[in-house]
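Here the structure comes first, spelled out in structure tokens, and everything after it is commentary.
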Amino acid sequence: MRFGLFILGALVALGQQRSFVSCPIVRDTKTVPCFLAEYEGELYYLGIQQDITSAFHPPQLKHEVLVEGRIASDPGAPRVCGGIPLQPVSISVLKEVNLSCNTLLPAEPGIDAPAAPRGPGPSSLHRTEAANPRKTLTGRQEFTVLYAFNDDYLEFAANAVVTEAAAYAKQIGASNVKVSGYRATTLLSNGDRLVEKAGLAEKRAQNIATLLRGLGVSSTVVESKNEPEPGDGQTDPSRRRVTIVVAP
Amino acid sequence: MTGWVGLCYLYERQPQNIMRRLFFIAIVVLVFGIALTLSAQYQDRFKITWIEPGSGALLPEFDAFDSVEGTLGVLNASGPVNTEGHPFFTPLGTNGRACVNCHQPTYAMSVSTAGLLERWRTTDGKDPVFAAFDGSNCPGLPQEKESSHSLLLKRGLFRIPLPWPPKNADGSAKPVEFTIEVVRDPTGCNTSREFGLKSAEPTISVYRRPRPAANLKYVTSGGQPIVLKTGTLADVDPETGKPVSMNLMTDAREPSLKTQAVSAIMGHEQARVAPSDPQIQKIVEYESQVYVAQQAHIFGGPLAVAGGPPGLGVAALRDHRAGVLGDNDYDPVFGSFSSWKGNDYYRSSVARGADIFMFRQFWLRDAAHINSIGLGNPLKRTCATCHNAQMTGQDLSAGWVDVGTTNYPTWTEPATWADSSELPVFKITCARDADPHPYLGRVIYTTDPGRALISGRCVDVGSIVMQQLRGLAARAPYFANGSAKTLREVVDFYDRRFDMKLTDEEKEDLINFLGVL
């Protein structure tokens, strides 16, 4: 009976999206800490402490977090750090301070963090210069800068996108660089909708245009769509964005 | 004396054995006697070598300044410096000051409270370093009174008057995200009708330590077009148009050594006429070639010796490449100290301190511009995570961080602002549509808003640019607000702030490590 329920639950959960707001939970381990979040009585694994260059930027105690992630498609997948892994997962730290978000669990025997490229101390990885792995770009190109919810902070990876767009625009002597800003809606798993604040689309676009000009791109056209993009509860993080279209 | 404490503590950990104890006591007495003798020699040789502006002294290529801690090395990498007529050593303004007043080689190109007190007594407070404009708590105070200079004499703090709201390069007002109120004003300057926030030219006065004008190739290296911590464009050098490190000064308000020199001459020296380009060039050339570091320690002996830790001493600073990340275990921030492990009591302690600095994990929490830039809160890391630049221990990226020294409740002042803080206290209220301070929210009490006074941003309140960690023993007190009289107080602050749970031995090791840098 219990096994049948488990199978049923696993099938229901298969490929399911989870979008929710809650306090993050930090669990210490022998190595790096794990970041988790609880929703409707279930614990979800978000990721581990990594470096600034990582795609996963952990949440923060003292802040609620908007979690948008997909439950791993393999129903037999083991829990990680005690939580159901969400992959891919988008993390947005909500700006207002919430002192009740303050759970730091001690390390426990049997709960280990996944292997980390970098441990909790100094790095052991020798930095090597990348051998220019970028593909050669030609013609009209679109670059997309993604943001956390209600945020205009340019994360490390987004920084690289802007730098690449500027380099390309300068390389081809672009006559037209169009910067378009958007704000979006998130459809939560409980049916609620979170809408990014008004004015954010323009602020995002203006910030990127300022960066491009500072990086030597003079011919920018800036536009923004203040109407929030709709949310579908599946792909919402991809609509919190600025696009940079570079045309020869 | 810190090493002496460590020595005794180390022995407490040895097996109890009467013969061994007697032997140990004999050794201790012998070592202590030698130390006292050396100390007396150092004291005899120790002269406060205060360079007066216009004195025309010739500075040698290498100079050594002794103190009770040992010897500070000062290296002029370009050779001897003739100070006669040199703009760094010549008053260019109206108050008799020159750059050297606040950047004395004796004090690691900064100035210590010990030196300032001595100078007050020697000159009866007439030295231009005590100029009313910023060498006193407020220009309106009776200047002949020692109490009017208490922040400088007790904490080594100069008044830094900053316009509010901050201004762009073209003189226009920057947009700001918060209001600022003065809630405590022990110096009287922030509420002064003449000098304060409600004066004809609204001004905020904060009080800060002068930073060492040395080892500057490290401080100015590493400029990137986009600031990692803010996702915005870095300031650029107005002369070259290239992005700058934004690690100069407490609040990164000046982009280059040249602009800093002009600003200091027009401000601290109260010049009426801007310095000439050749004068600025000469100042920058001097600053760019001078290196300071602890060269010998009374318990550690000579520090820069073959086979020893490679990062110690001024020659290492001269020769090392700038802009190198040292937050790793194969080429650490200040080089390897492994050759000192098991060497002797003091050197072993230093080596352990280096390991603590590099490897001792603790929970870094609630530090704006560390935890808030995508690393997570809390972050299980080490001192070297933030103090990551090789040879200086600054941050390789633009280094302003709110580690908590100026903001309530973690600030270095008495527990509540109603008590007897010597510093002004400001209340910051962030606008509703602005991002709040990531860990303190929208209402913040602070003794120094730091970078926020330049950027106008709430997230920057209390953020202070990290300082280099060289020549520390020669230039107490520490922190930008001069609140830590000793390195012990620095270590105690971090232990308390991040709940590091350092043992007494670990604290001693860290202090000994910092003392040889």
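Measuring with a 1.4 angstrom probe and ignoring ligands and nucleic acids, B:E144 comes out at about 130 Å² accessible. Considering helices alone, the calculated mean residue ellipticity of chain A at 222 nm is -6000 deg cm²/dmol, with DSSP H runs of length four and up weighted by -39500 (n - 2.57) and normalised per residue. Could you pull out the pairs from A:K203/B:K217; A:K197/B:K198; B:K217/B:K380; B:K145/B:K258; A:K30/B:K501 whose alpha carbons sit more than 26 Å apart here? A:K203/B:K217; A:K197/B:K198; B:K217/B:K380; B:K145/B:K258, as the Cα separations exceed 26 Å there. Heavy-atom surface analysis with a 1.4 Å probe gives the range B:413-517 a carbon and sulfur content of 54 percent of its accessible area. For A:Y39, the residues whose amide H sits under 5 Å from its own are A:Y44, ignoring neighbours fewer than 5 places away on the same chain, with H placed 1.01 Å from N. Burial here means at least 20 square angstrom less accessible surface with every protein chain in place than with the chain by itself, probed at 1.4 Å; in the range B:376-417 the buried residues are B:G376, B:N377, B:P378, B:K380, B:R381. Ligands, DNA and RNA excluded, the heavy atoms of B:E61 present near 90 Å² of accessible surface to a 1.4 Å solvent probe. In this view, the solvent-accessible surface of B:E287, computed with a 1.4 Å probe and all protein chains in place, comes to about 10 Å². Rounded to the nearest 10 degrees, the inclination of helix B:504-515 to the longest alpha-carbon principal axis of chain B is 70 degrees. Put simply, the amide H of B:F62, placed in the peptide plane, has neighbours under 5 Å in B:N76, leaving out anything fewer than 5 places away on its chain.
Ligands, DNA and RNA left out, the 1.4 Å accessible surface of the range A:141-247 is 49% carbon and sulfur atoms.
Under a 5 Å amide H cut-off, with hydrogens placed 1.01 Å from N, A:N176 pairs with A:A247 among residues at least 5 apart or on other chains.
Interface residues of the range A:152-177, defined as those losing at least 10 Å² of solvent-accessible heavy-atom surface relative to the isolated chain (probe radius 1.4 Å), are listed as A:D152, A:Y153, A:L154, A:F156, A:N159.
For the range A:2-105, the carbon plus sulfur part of the accessible surface works out to 58%, probe radius 1.4 Å. Other protein chain C-beta atoms within 10 Å of residue C-beta, averaged over A:57-65: 5.
In the range A:214-237, burial by the other protein chains removes 30 Å² or more of 1.4 Å probe accessible surface, compared with the chain on its own, from A:L215. Sequence-ordered 3J(HN,Hα) estimates for the range A:24-32 from the Karplus curve with 6.51, -1.76 and 1.60 and θ = phi - 60° stand at x, 10, 9, 10, 6, 9, 5, 10, 8 Hz, glycine and proline given as x. In the context of the full set of protein chains, the protein assembly as shown has a per residue accessible area of 42 Å² (1.4 Å probe). In sequence order, the range B:275-289 has phi-based couplings of x, 7, 4, x, 5, 5, 4, 5, 4, 5, 4, 5, 4, 7, 10 Hz under the Karplus curve 6.51 cos²θ - 1.76 cosθ + 1.60, θ = phi - 60°, and Gly or Pro positions carry x.
With a 10 Å cut-off around each Cβ of A:20-29, the average count of Cβ atoms from other chains is 1.
A plus B alone minus the pair: what accessible area, both sides summed, probe 1.4 Å, in Å² to 100?
It comes to approximately 3300 Å² buried between A and B.
Shape summary of chain B, radius of gyration then Dmax from alpha carbon positions: 22.7, 77 Å.
The values are calculated or read from the model by the stated rules, or taken from the named source; none is laboratory data. A quick note: this is a predicted structure, and the numbers were derived from the prediction, not measured. Cβ sites come from the backbone with ideal geometry, for glycine too, and all protein chains shown count toward neighbours. Keep in mind that these areas ignore ligands, DNA and RNA; they rest on the heavy atoms of the full protein, side chains included. Shrake-Rupley method; radii C 1.70, N 1.55, O 1.52, S 1.80 Å.
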